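S.K.: Got a structure here, written out as structure tokens. Questions coming.
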Amino acid sequence: QVQLVESGGGSVQAGGSLRLSCVASGYSVSKLCMGWIRQAPGKEREGLGSIKSDGSTAYAHSAKGRFTISRDNAKNIVYLQMADLQPEDTAMYYCAAESGGYCFTAFGYWGQGTQVTVSA
């Protein structure tokens, strides 16, 4: 079993930054694919990016240039650093984990989500 706990969300003004954290237990993040997904009210879930077990990262177009995914293997934490936030970034942000050598196919484990609100 994998359990994920997110934190770091909050309210910021446009142009601000936030770093979201996802603390994993039950499995090492270095052996998983970890993804970040967001969902705004009334909209579909949007994958933002992922970090594979080998440490390589991939980003959705909407996240490139502003969002950075990293991890601390010793602490078993995955981060989403967000810069230059805009009101359209307002959403619930989730981290998720996938095992078995796959990535962004079917995340089997999800955090509870953390709210990010960006005001103009």
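S.K.: For region 62-85, give me the residue count where each residue is among the polar types (S, T, N, Q), in a loop (DSSP other than H, G, I, E, B) and surrounded by 14 or more Cβ atoms within 10 Å (Cβ to Cβ).
M.R.: The qualifying residues number 2.
S.K.: In region 8-28, which residue that is out of contact with any Phe, Trp or Tyr (no Cβ under 7 Å at 6 or more places or on another chain), hydrophobic (A, V, I, L, M, F, W, C) and part of a strand (DSSP E or B) is farthest from SER70 (Cα to Cα)? Before the answer, list the steps.
M.R.: First pass over region 8-28, keeping only residues out of contact with any Phe, Trp or Tyr (no Cβ under 7 Å at 6 or more places or on another chain): 8, 10-18, 22-28.
Among the residues that remain, those that are also hydrophobic (A, V, I, L, M, F, W, C) are: 12, 14, 18, 22-24.
Narrowing further to those that are part of a strand (DSSP E or B): 12, 18, 22-24.
Details: VAL12: 22, LEU18: 14, CYS22: 11, VAL23: 12, ALA24: 14 Å.
That would be VAL12.
S.K.: If you go through region 97-116, how many residues are surrounded by 14 or more Cβ atoms within 10 Å (Cβ to Cβ), out of contact with any helix residue (DSSP H, G or I) (no Cβ under 7 Å at 6 or more places or on another chain) and not in a loop (DSSP other than H, G, I, E, B)?
M.R.: 5
S.K.: Something else: Would you point out which residue out of LEU20, LEU80, LEU48, LEU85 is closer than 18 Å to VAL118 by Cβ and touching an Asp or Glu at 6+ places or on another chain (Cβ under 7 Å)?
M.R.: Numbers: LEU80 fails: touching an Asp or Glu at 6+ places or on another chain (Cβ under 7 Å); LEU48 fails: touching an Asp or Glu at 6+ places or on another chain (Cβ under 7 Å); LEU85 fails: touching an Asp or Glu at 6+ places or on another chain (Cβ under 7 Å).
Step by step, each of LEU20, LEU80, LEU48, LEU85 is checked, and only LEU20 is closer than 18 Å to VAL118 by Cβ and touching an Asp or Glu at 6+ places or on another chain (Cβ under 7 Å).
S.K.: Give the number of residues within region 61-81 that are modelled with pLDDT of 95 or more and either in contact with a helix residue (DSSP H, G or I) (Cβ under 8 Å, 6 or more places away or on another chain) or among the small types (Gly, Ala, Ser) (or both).
M.R.: Selection size over region 61-81: 7.
S.K.: Something else: Got a sec? Which of VAL12, VAL29, VAL5 is of a type in the set (Val, Ile, Thr) and exposed (fewer than 15 other Cβ atoms within 10 Å of the Cβ)? Don't jump to the end; show me each part of the working.
M.R.: On the way: VAL12 fails: exposed (fewer than 15 other Cβ atoms within 10 Å of the Cβ); VAL29 fails: exposed (fewer than 15 other Cβ atoms within 10 Å of the Cβ).
After applying the criteria, what remains is VAL5.
The values are calculated or read from the model by the stated rules, or taken from the named source; none is laboratory data. Only a predicted model underlies this, so the values are computations on that prediction, with no experimental measurement involved. Don't worry about glycine lacking a Cβ; one is built from the backbone with ideal geometry, like all the others, and counts go over all protein chains shown.
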